[in-house]
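Below: the structure, in structure tokens.
The values are calculated or read from the model by the stated rules, or taken from the named source; none is laboratory data. All values derive from a computational prediction rather than experimental measurement. SASA here: full protein model, heavy atoms, side chains in, ligands and nucleic acids out. Shrake-Rupley method; radii C 1.70, N 1.55, O 1.52, S 1.80 Å.
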Amino acid sequence: MTLLLLLKNSILVKMKTNFDFLKKDDRFLYEIMADAESLYRDEYFDQCMTQIRRFGENVCKNVLGARRTTEVTFDAMLATLKDCTLGSSEEAKEFVDDLYFLKKHGNEATHSVTITKDGTEALECLKRAFEIAVNYYVYTLGGSREVLKFQYDIELMLTGKKSKKTLSERYTEEKAKTTKNSKKNSKKPQKQYCSVKSDSRQKRPYFWYFVGISTIVSAVLLIVIALV
């Protein structure tokens with residue numbers, strides 16, 4: 001069992017994650033999230049959200065720092081952090097809201113009597129944990145503000161390889177494919193294989209044939225009578 005754990009940790013170290021920027025300045029939090037992404041890949045969604053909750057609790061504790069006195073539980077620390085950020089920027093409010101989100105879903109995953117088979121909630125937790133990690137890295141650890149430009153890469157999380165295309169480029173590409181398929185599947189006008197041709201011949205009623213012949217006969221009789 002120990003050998004398998006060491007092997008897993010070795011693989012985690014080699015694989016790239018969305019949280020590599022934390023590795024140097026806070027390896028503990030980095031390892032928590034590297035493990036969370038690994039759990040997601042293996043479809044252990046409940047365990048993934050429990051691990052992310054652990055990440056959120058430790059971030060909250062670190063951000064409070066000396067301002068934490070008697071607070072022990074995650075809930076108590078969050079309440080204190082919320083009081084400390086009252087009147088602050090919208091970004092600070094979102095930071096606290098995201099931490100509450102991680103706590104809520106982490107608690108539900110831990111105490112749930114059923115196994116979560118849909119990874120949607122776990123993925124949302126990963127994305128919010130990433131936003132928390134970025135802000136924590138910049139505003140608490142004093143890291144480079146370039147990290148603020150980072151976006152959560154689902155492909156990197158699933159494969160360990162960073163996507164070569166940006167999110168906007170992939171969106172544009174997928175939209176172009178959808179438009180192309182839509183045009184391809186649209187109904188094309190069918191060729192008309194048979195057409196109705198109008199009859200160019202003029203149809204003359206039999207009555208007019210009779211009138212014509214009678215006129216000729218009458219003319220001939222008049223000529224004969226005149227000669228006699």
- Heavy atoms only, probe 1.4 angstrom, no DNA, RNA or ligands counted: give me Lys127, Lys103, Lys161 ranked by accessible area, highest first. Lys161, Lys127, Lys103
- Message: Using a probe radius of 1.4 Å on heavy atoms only, what accessible surface per residue do you get for the range 44-132? Whole Å² is fine.
- Response: 54 Å²
- Query: Which length gain, in nm to one decimal place, applies between Thr69 and Val138 when the Cα-Cα distance is subtracted from 0.36 nm times their residue separation?
  - Reply: 22.4 nm
